[in-house]
1. I need a count of the residues in the range 114-124 that are out of contact with any Leu (no Cβ under 9 Å at 6 or more places or on another chain) and assigned to a loop (DSSP other than H, G, I, E, B).
2. Identify the residue in the range 57-85 that is under 15 Å from Lys131 (Cα atoms) and hydrophobic (A, V, I, L, M, F, W, C) and, among all such residues, is nearest to the chain's Cα centre (by Cα).
3. Looking at the range 125-147, is at least one residue part of a strand (DSSP E or B), modelled with pLDDT under 95, more than 22 Å from Tyr28 (Cα to Cα) and among the polar types (S, T, N, Q)?
4. Could you tell me which of the residues Gly57, Gly22 is in a loop (DSSP other than H, G, I, E, B), in contact with a Pro (Cβ under 8 Å, 6 or more places away or on another chain) and under 26 Å from Lys82 (Cα atoms)?
5. Would you mind stating whether Phe156 is at pLDDT below 95, under 30 Å from Ser64 (Cα atoms) and of a type in the set (Phe, Trp, Tyr)?
6. Tell me, please, whether a residue that is surrounded by 18 or more Cβ atoms within 10 Å (Cβ to Cβ), at pLDDT 85 or above and under 9 Å from the mean Cα position of the chain (by Cα) can be found in the range 13-30.
7. Within the range 61-113, which residues are among the β-branched types (Val, Ile, Thr), assigned to a strand (DSSP E or B) and at pLDDT below 90?
8. Under 9 Å by Cβ, and 6 or more places apart or on different chains, what pairs join a residue from the range 145-156 that is without any contact (Cβ under 8 Å) to a residue 24 or more places away in the chain with one that is of a type in the set (Val, Ile, Thr) and part of a strand (DSSP E or B)?
Amino acid sequence: MKKIIVLLFASSAIFGTTYGQGAAKAAYVEIGGPGLASVNFDMRFSPTQNGAGFRFGVGAFSISGIKAVTVPVGLNYLIGKKSSFFELGAGYTYLSVSSSSKSTTKNFNESFGNLTISYRYAPAKKGFFFKAELTPVFSGNFFLPYFAGLGFGYKF
């Protein structure tokens, strides 16, 4: 798991410096949302504060012997000026869950799509980043229309 996190952030640093010179970037922790409990990187495709961009992250948590790993990725579009933005997006999350007891171990893998409708606060230069989102999630097996999340981090 640690190798995946290091790889994701190393690739985001390389990608961010070679491709997105001057583009708005943010690193943040998200509770809820597509990653359930994740660390994420977000960047615009052009050297602007708004417009098209992407996000990717990795998450992990453990509750009562159940361990979960998530990998959310997505495309988004920011509408707004200065530091307040309306975000629309769509993405995909891979989820791996393992549960172990004294006698058995069970593994479960699932992937699901998501939509993002959010408010994002991000200063024009650098500083505190915040987002509150409604994130409907869906797959062939389920649809959860009222899933939500909060993100806190740093825009650079």
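The values are calculated or read from the model by the stated rules, or taken from the named source; none is laboratory data. Only a predicted model underlies this, so the values are computations on that prediction, with no experimental measurement involved. Neighbour counts are summed over all protein chains in view; Cβ atoms, including those assigned to glycine, are modelled from backbone coordinates with ideal geometry.
1. 2
2. Among those residues, the one meeting the criterion is Leu78.
3. no
4. Working: Gly57 fails: in a loop (DSSP other than H, G, I, E, B).
Every option except Gly22 fails the conditions.
5. On the way: at pLDDT below 95: yes; under 30 Å from Ser64 (Cα atoms): no; of a type in the set (Phe, Trp, Tyr): yes.
No.
6. Looking for residues that are surrounded by 18 or more Cβ atoms within 10 Å (Cβ to Cβ), at pLDDT 85 or above and under 9 Å from the mean Cα position of the chain (by Cα), one finds at least one in the range 13-30, hence yes.
7. Matches in the range 61-113: Ile63, Ile66, Thr105.
8. Partner pairs satisfying both residue conditions: Pro145/Val137.
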